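*Asks:* Structure incoming, see below.
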Amino acid sequence: MFKQLLTKFRKDIAIDMGTANTLVYVKNRGIVINEPSVVAINMRTEQILAVGNEAKDMLGKTPPHIMTSRPLSKGIISDYEVAEKMLRYFIDKVYEESMNFMSRPRVVIGAPLEITEVERKAISDAVMNAGGREVWIVEEPMAAAIGARMPVREAVGNFVVELGGGTCEIAVISLGGIVTWKSIPIAGDELNRNIMQYARDAFNLLLGERQAEEIKIKVGSAIELPETMQFPMRGRDLITGLPKEVMINDSQVREAMIKSLRTIVDNIKATLEVTPPELVADIHERGILISGGGAQLRGLDQLIGRATQIPVRVADDSLTSVVRGAGVLLDEQSLLEEVAVAPEKKTKT
């Protein structure tokens, strides 16, 4: 009886802790947090000054004693202590409106495909120390497929491309498992770096990461657009050292990103080449699903479709596919046990 009472009041949560953004889904409430995976720390006092949007606004603008940190690199925890503090901040934020004196949450969290036992344990320990009671780890492409309502349990081929900030995860799913897959460290952040390098090479302009990301969002595309788009690119002139503004168009941004985009397409084709023929037939009929923040790049679906000769669709609200899939698993325990990376859940009493 007491256990049932605890379960009733407990807010089980799903987390997509990505390189670029962290999203939190609360059972029966939906997505309640969608903020950048950035933490600002005062190095003199070791205190957390800001997390999420507020910390991202500080990037590149802080004095020496304040450090802005991204605790995840390529989808994997690179700074354990900061990641734990960030998770604790988000979990506490979920609970701040309620009196939760006895109900640590059950947590389903997404993780990259190419993850070691040590890295998996780091994620699990960080969640537990941040306030979780029970941790289930699910591979991100699987969570994205479930979030997009693909029939992952059926004997059909489901092809998913999860394009996040740090990694591009490519997977073929059938019968509740991943049959073939590839994970490459080329995704949204790499496209930003491509634009920064192009600005340096073509215009002698030192560009900030946030500016590069804004340019990618405003005028970036994977294919030629019907109409030319332009956007002002502002940074520091490497010759004079003074502020400088240059107008950049979609063709130039595409030129900056094309090598990385071709690498993504080549890896999708390479995954198809090692997929069993019966599943390839299903994929040809059912198409490819692309999800993640990178899926919002203009024309990416068409670029992949032209290269593979397979229909491609972008997931509805692609940025939230993983966390929505993890949220579905909170209500479907049997499916969760089937698709979780480690069936032996980690529990804290």
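The values are calculated or read from the model by the stated rules, or taken from the named source; none is laboratory data. Not measured: the values here are computed from a predicted model. Here the Cβ is made from the backbone with ideal geometry for all residues, glycine too, and neighbour counts use every protein chain on show.
*Asks:* Which of (1) part of a helix (DSSP H, G or I); (2) of a type outside the set (Asp, Glu); (3) surrounded by fewer than 19 Cβ atoms within 10 Å (Cβ to Cβ) does Thr228 not meet, given it meets every other one?
*Replies:* (1)
*Asks:* When only residues in the stretch 23-48 that are hydroxyl-bearing (Ser, Thr, Tyr) and either surrounded by 14 or more Cβ atoms within 10 Å (Cβ to Cβ) or in contact with a Leu (Cβ under 7 Å, 6 or more places away or on another chain) (or both) count, which is farthest from Glu96 (Cα to Cα)?
*Replies:* To start, the set of residues in the stretch 23-48 that are hydroxyl-bearing (Ser, Thr, Tyr) comprises 25, 37, 45.
Narrowing further to those that are either surrounded by 14 or more Cβ atoms within 10 Å (Cβ to Cβ) or in contact with a Leu (Cβ under 7 Å, 6 or more places away or on another chain) (or both): 25, 37.
On the way: Tyr25: 15, Ser37: 20 Å.
Residue satisfying both the conditions and the ranking: Ser37.
*Asks:* Now, a different point. Among (1) in a helix (DSSP H, G or I); (2) touching a residue at least 40 places away in the same chain (Cβ under 8 Å), which single condition is Arg254 missing?
*Replies:* For Arg254, the failing item is (2).
*Asks:* Moving to a separate point now. Look at the stretch 72-84 and say how many of its residues are more than 14 Å from Ile109 (Cβ to Cβ) and not basic (Lys, Arg). Give the steps one after another, and end with the answer.
*Replies:* Looking only at the stretch 72-84, we keep the residues that are more than 14 Å from Ile109 (Cβ to Cβ), and these are 73-74, 78-82.
If we keep only those that are not basic (Lys, Arg) as well, we get 73, 78-82.
The total comes to 6.
*Asks:* In the list Val328, Val265, Val274, which residue meets the criterion of being assigned by TED's automatic domain parsing to the domain that holds Ile186 and surrounded by 13 or more Cβ atoms within 10 Å (Cβ to Cβ)?
*Replies:* Numbers: Val328 fails: assigned by TED's automatic domain parsing to the domain that holds Ile186; Val274 fails: surrounded by 13 or more Cβ atoms within 10 Å (Cβ to Cβ).
So the residue among Val328, Val265, Val274 that is assigned by TED's automatic domain parsing to the domain that holds Ile186 and surrounded by 13 or more Cβ atoms within 10 Å (Cβ to Cβ) is Val265.
*Asks:* Which of the residues spanning the stretch 163-193 are charged (D, E, K, R) and out of contact with any Phe, Trp or Tyr (no Cβ under 9 Å at 6 or more places or on another chain)?
*Replies:* Within the stretch 163-193, Lys182, Asp189, Glu190, Arg193 meet the criteria.
*Asks:* Return only the number of the condition from (1) modelled with pLDDT under 95; (2) more than 28 Å from Gly208 (Cβ to Cβ); (3) outside any helix (DSSP H, G or I) that Glu337 does not satisfy.
*Replies:* (3)
*Asks:* Given Glu35, Glu54, which one is closer than 19 Å to Gly188 by Cα and either modelled with pLDDT of 90 or more or outside any loop (DSSP other than H, G, I, E, B) (or both)?
*Replies:* Numbers: Glu54 fails: closer than 19 Å to Gly188 by Cα.
Testing whether each residue is closer than 19 Å to Gly188 by Cα and either modelled with pLDDT of 90 or more or outside any loop (DSSP other than H, G, I, E, B) (or both) leaves just Glu35.
*Asks:* If you don't mind, another one. Among (1) crowded, with 17+ Cβ neighbours inside 10 Å; (2) touching a strand residue (DSSP E or B) at 6+ places or on another chain (Cβ under 6 Å), which single condition is Arg286 missing?
*Replies:* (2)
*Asks:* Look at Val107 and say whether it is part of a strand (DSSP E or B) and assigned by TED's automatic domain parsing to the domain that holds Glu332. Lay out the reasoning, then the answer.
*Replies:* On the way: part of a strand (DSSP E or B): yes; assigned by TED's automatic domain parsing to the domain that holds Glu332: yes.
So Val107 passes the test.
*Asks:* Let me ask another. Could you tell me whether any residue of the stretch 83-94 is out of contact with any strand residue (DSSP E or B) (no Cβ under 6 Å at 6 or more places or on another chain) and of a type in the set (Asp, Glu)?
*Replies:* yes
*Asks:* Can you tell me how many residues within the stretch 289-325 are buried (at least 24 other Cβ atoms within 10 Å of the Cβ), of a type in the set (Val, Ile, Thr) and either part of a helix (DSSP H, G or I) or free of Cβ contacts under 8 Å to residues at least 24 places away in the same chain (or both)?
*Replies:* 2
Here's the yes/no breakdown for (1) small (Gly, Ala, Ser); (2) within 20 Å of the chain's Cα centre (by Cα):
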site	(1), (2)
Ile109	no, yes
Glu114	no, yes
Met128	no, no
Ala144	yes, yes
Phe159	no, yes
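*Asks:* Taking Gly157, is it touching a helix residue (DSSP H, G or I) at 6+ places or on another chain (Cβ under 8 Å), outside the structural domain of Ala340 (by TED's automatic domain parsing) and closer than 19 Å to Tyr80 by Cα? Please lay out each step first, then the result.
*Replies:* Numbers: touching a helix residue (DSSP H, G or I) at 6+ places or on another chain (Cβ under 8 Å): yes; outside the structural domain of Ala340 (by TED's automatic domain parsing): yes; closer than 19 Å to Tyr80 by Cα: no.
For Gly157, the condition - touching a helix residue (DSSP H, G or I) at 6+ places or on another chain (Cβ under 8 Å), outside the structural domain of Ala340 (by TED's automatic domain parsing) and closer than 19 Å to Tyr80 by Cα - is not met.
*Asks:* Another one. Could you give every pair whose Cβ atoms fall below 6 Å, whose first residue belongs to the stretch 178-205 and is part of a helix (DSSP H, G or I), and whose second residue is of a type in the set (S, T, N, Q), counting only separations of at least 6 or pairs across chains?
*Replies:* Listed pairs, sorted by first residue: Glu190/Ser260; Leu191/Ser260; Asn194/Ser260.
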